[in-house]
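Every number here is computed from the coordinates shown, using simple stated rules; none is lab data. From a predicted model like this one, the values you see are computed outputs, not experimental measurements. Glycine also receives a Cβ, built like all others from the backbone with ideal geometry; neighbour counts cover every protein chain displayed.
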Amino acid sequence: MELYGLEKNRLPTHVAIIMDGNGRWAQLRGKTRLEGHREGTNSVKTTVEISRDLGIRYLSLYAFSSENWNRPHDEIAGLMGLLEKFLQRELDRMMCEGVRLMAIGDRTRLPASVRRVLDHNIYLTRHNTGITVILALSYSGRSDIVQTVREIAWKVKTGQCEPGEIDESMIAANTETGSIPDPDLLIRTGGEMRISNFFLWQIPYTELYITPKFWPDFCGQEYIQALLEFQRRKRRFGKTDEQLLQGLG
Ligand code: FPP
């Protein structure tokens, strides 16, 4: 298997990506924003394929935020159409390559036709073991936390747990990403230095990699660069270098 100079045993388990810059990519070329999003689907395919080939277990893609509902109606409709076609077209490949699809976010706001194909693909791919691709659609990190608080408050109210029993693992288990480990690496394309209401609870010690490349230009080589950079990082999780060297903790 091609490893592109990466160390096999130091790959991230979970990569999350904020796919930004489709609009600017299109504007630079005198194309419509939708053409930028369409071009962006190629980068989605490339990143899923490389992640799967490398043995990365989880790939989370921020495809549509709760705030994106405020965009012009035409752009939203175009994006939803793209998503629907993409999911229809890619099902066979997902099955062949062992991709398990999951979705997080408020699916009730998605058009029925998108929900249908999304649910269909999630169901059919549920036993695949190659890689889990988590699509964040109509997702908001803060809403995820609000929903989690509500669920735990309900458990307290109905006597299923005491307030003193609430701990980090209980909160984590009740977020939308539940059993999925926190991302090791968060990539943002398009150069903006912010999280944009993506994972908030999930990224306390996630390594951040921000590239000015627009999402449609984020090719395989760019992804490998991000992974190589990740492998150069020293992850201390609050400890000192000396502690890490001595293998303490
Ligand atoms: C941000 O770029 C991108 C989005 C809001 C949509 C991302 C969607 C895709 C990559 C295609 C469909 C997704 C899948 C999973 C098939 P932007 O429009 O904010 O770009 P800008 O900052 O340059 O305006």
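Structure notes:
- Here the relative contact order of the chain, from alpha carbon pairs under 8 Å that lie six or more residues apart, stands at 28 percent.
- The lysine pair count for the chain, using Cα distances under 28 Å and pairs eight or more places apart or on different chains, is 11.
- Just so you know, the Rg over Rh for the stretch 105-182 is 1.04, from Cα atoms, with Rh as the Kirkwood radius.
- Of the DSSP H helices in the chain, those whose Cα atoms cover at least 20 Å axially and whose Kyte score averages 0.5 or more: none
- ³J(HN,Hα) computed for each position of the stretch 162-170 - Karplus, 6.51 cos²θ - 1.76 cosθ + 1.60, integer Hz, glycine/proline x: 9, x, x, 7, 5, 9, 4, 5, 5
- Among Gly30, Gly178, Gly238, the largest mean-square fluctuation in a Gaussian network model of the chain (Cα springs under 10 Å) belongs to Gly238.
- The H on the amide N of Thr132, modeled in the peptide plane, is under 5 Å from the matching H of Tyr58, Leu59, Arg100, each at least 5 residues off or on a different chain.
- Spin-label model distance (nm) - Ala173 vs Ala77, 7 Å beyond Cα toward Cβ: 4.6
- With K and R counted +1 and D and E -1, the other residues having a Cβ less than 13 Å from that of Val133 yield a net charge of +3.
- Of the two radii for the chain, the radius of gyration is 0.98 times the Kirkwood radius, both from the alpha carbons; that is the Rg over Rh value.
- Global form of the stretch 1-140, assessed from the alpha-carbon gyration tensor, a/c cut-off 1.5: oblate
- Each part reduced to its alpha carbon centroid, the stretch 127-168 and the stretch 1-32 end up 28 Å apart.
- Value of D in µm² per second that Stokes-Einstein yields for the stretch 83-145, Kirkwood Rh from Cα pairs, at 4 °C (1.567 mPa s): 108
- GluC sites (Glu not before Pro) restricted to DSSP loop in the stretch 112-205 with at most 16 other C-beta within 10 Å: Glu192
- In this structure the amide hydrogen of Leu185, modeled in the peptide plane, comes within under 5 Å of the amide hydrogens of His14, Ala16, Glu207, none closer than 5 places in sequence on its chain.
- Per residue, the convex hull spanned by the Cα atoms of the stretch 134-249 measures out at 143 cubic angstrom.
- Chain lengthening between Thr240 and Cys219 when straightened (0.36 nm per residue, less Cα-Cα): 4.0 nm
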